[in-house]
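Let me begin by presenting the structure, written as structure tokens, before commenting on it.
The values are calculated or read from the model by the stated rules, or taken from the named source; none is laboratory data. This one's a predicted model, so the numbers in the text were calculated from it and none came from an experiment. Cβ sites come from the backbone with ideal geometry, for glycine too, and all protein chains shown count toward neighbours. Each accessible area value is taken on the protein alone, full model and side chains, heavy atoms only, with ligands, DNA and RNA left out. Shrake-Rupley method; radii C 1.70, N 1.55, O 1.52, S 1.80 Å.
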There are 2 protein chains.
Amino acid sequence: MSVAIENFVKAIYKNNSNDVKNTKPGNIAKLLGISNAAATDMAKNLANKNLLNYEKYKALELTKAGEKLALNVIRKHRLWEAFLHKTFDMSLHEIHREAEFLEHETSNFLANKISTYLGNPKFDPHGDPIPNANGEITTIDTSISLSNTKEGKNYTISRLMSDDKEFFDFCGLNGLKYGNTVLVTKQFSKNKMTQISINNNTILLNEDFTNIIYVNEIK
Amino acid sequence: MSVAIENFVKAIYKNNSNDVKNTKPGNIAKLLGISNAAATDMAKNLANKNLLNYEKYKALELTKAGEKLALNVIRKHRLWEAFLHKTFDMSLHEIHREAEFLEHETSNFLANKISTYLGNPKFDPHGDPIPNANGEITTIDTSISLSNTKEGKNYTISRLMSDDKEFFDFCGLNGLKYGNTVLVTKQFSKNKMTQISINNNTILLNEDFTNIIYVNEIK
DNA sequence: AAAAATATTTAAGTAAGCTTAAAAAAATAT
DNA sequence: ATATTTTTTTAAGCTTACTTAAATATTTTT
């Protein structure tokens, strides 16, 4: 399958795991930076290839085959991220940028080699789950966003849901890393801000960031 | 630059390092498995982009920019080969197949990371020289093909010039590997065959193979 | 429920990278 | 030196993945 097709099914799949699902062509177009017309064209094309179900004016729905393709691309993306992070000590932003291209040009054979080499990890350095070779993925996610945490409790960081360089730079500088521990010291609910303590530093985060940082309570 | 363009300049560059140089569009077309017409089209296109000089019915000549692009792609290809061979213990054929795709989707940033990680090697596992980040390549090659060796002398294998799976499988089975030592026990010049001794085994090679195995005499 | 705003689809067109078939030039053989 | 063969180029056409503009359907607002 072409890069365009792989990115299209990937965008639909990822959109479906968002809170606000909108898999109509226009929204996928916005995510991919192409015109609505191009997305409609592509949707018809992929329906012909049995990768999705297309009905005029309706939301796009991946078929089993379409979902499998999307998961295979996501698997390669996240394996590359884990591998590059470990091997070359590249930042969360750098590994994402590189994996965005490598994911389309990696054989299943090599993906399996990478996975074995890493000990078949279930999560990448952002905390995102890595689908296995059969397209099975860990979807049960009991973690909550930092916005919904309680004052005085300790949490471990389980997921950094972003593609943004500035966010990752900020995280890198402040020790906000997959697996690390934070203490929520104050919730400013009116101003939608959260104060946390990490590595003996106190930092104040606004909603933009607390919404995409996921954590698990330490009991 | 697109994959098609990168492969085109790479094919011209590689053809120029062959014994029999023929960089007219038809020959490049044959190497790439495309039609002559497509190669002529592409040649005009690349001339517009200042990657090569094109004159009707004449051989194609890479410009400095074209050569630099070709060397950059070859650098990435050979770095990936070296890396995959070392890290995942993949065969010479497997690394070539994988690198053929990865070479086009690797940033200079990552290529440099790989190079540093490997200790900036000058040769890949086939013995082919790896261009450095400035596009400089070791071209002085004092090695000779096994066909031109002398009976009773010892040689180290310096290069396996092929893309062929069967050849690499044969090499793998018989210890014919970059850096290994062979003793030439007999040259059957009439039948164009060479008998060698390696790892206490005696094997007889025909011209097809001895022409693409390059060695250096041990004095 | 109708009007206004928004989203989707259709239509027409473009560029890249190919194809085949025919025409033209160059290389080779006699 | 000419005829034959081979190679290169031109011409016309195809597919993929886009674009913009216009038409049409849906959704939201009032």
Exercise. Can you name the residue in the stretch B:60-103 that is within 13 Å of another protein chain (Cβ to nearest Cβ), of a type in the set (D, E, K, R) and surrounded by fewer than 20 Cβ atoms within 10 Å (Cβ to Cβ) and, of all such residues, is nearest to B:A47 (Cα to Cα)?
Worked result: B:E100
For this session: Evaluate the following for A:E98: is it away from DNA strand C (no atom under 16 Å from the Cβ) and over 30 Å from A:N174 (Cβ atoms)?
Result: no
Exercise. For the stretch A:104-124, how many residues are more than 8 Å from chain B (Cβ to nearest Cβ) and either under 18 Å from B:N108 (Cα atoms) or of a type in the set (D, E, K, R) (or both)?
Worked result: 2
Exercise. For A:L52, which of the numbered conditions (1) over 15 Å from the mean Cα position of the chain (by Cα); (2) surrounded by fewer than 21 Cβ atoms within 10 Å (Cβ to Cβ); (3) modelled with pLDDT of 95 or more fails to hold?
Worked result: (2)
Seminar exercise, completed: Checked the stretch A:44-96 for anything closer than 23 Å to B:F83 by Cα and of a type in the set (D, E, K, R); matches are A:R75, A:K76, A:R78, A:E81, A:K86, A:D89, A:E94
Exercise. List the pairs whose first member sits in the stretch B:1-22 and is closer than 18 Å to B:K58 by Cα, whose second member is open to solvent by 20 Å² or more (accessible area, probe 1.4 Å) and away from DNA strand D (no atom under 15 Å from the Cβ), and whose Cβ atoms are under 6 Å apart, counting only residues at least 6 apart or on separate chains?
Worked result: B:V9/B:L69; B:I12/B:L62
Exercise. Can you find a residue in the stretch A:144-163 that is exposed (fewer than 14 other Cβ atoms within 10 Å of the Cβ), within 14 Å of another protein chain (Cβ to nearest Cβ) and out of contact with any strand residue (DSSP E or B) (no Cβ under 7 Å at 6 or more places or on another chain)?
Worked result: no
Problem set entry | Residues of the stretch B:15-47 classified as among the acidic types (D, E) and more than 28 Å from B:I212 (Cβ to Cβ), total | 1
Exercise. So which helices (runs of 4 or more DSSP H) stay within the stretch B:100-219 end to end and still have 2 or more residues that are among the acidic types (D, E)?
Worked result: B:165-174, B:207-210
Seminar exercise, completed: Turns out the helices (runs of 4 or more DSSP H) fully within the stretch A:1-84 with at least 3 residues that are within 11 Å of DNA strand C (Cβ to nearest atom) are A:25-32, A:36-48
Seminar exercise, completed: Just one listed residue, out of B:N7, B:N16, is at pLDDT below 95 and surrounded by 15 or more Cβ atoms within 10 Å (Cβ to Cβ), and it is B:N16
For this session: Scan the stretch A:56-83 and report the pairs whose first residue is under 16 Å from A:M1 (Cα atoms) and whose second residue is in a helix (DSSP H, G or I) and of a type in the set (V, I, T), with Cβ atoms within less than 6 Å and a gap of 6+ or a chain change.
Result: A:L62/A:I12; A:G66/A:V9; A:L69/A:V9; A:A70/A:V9
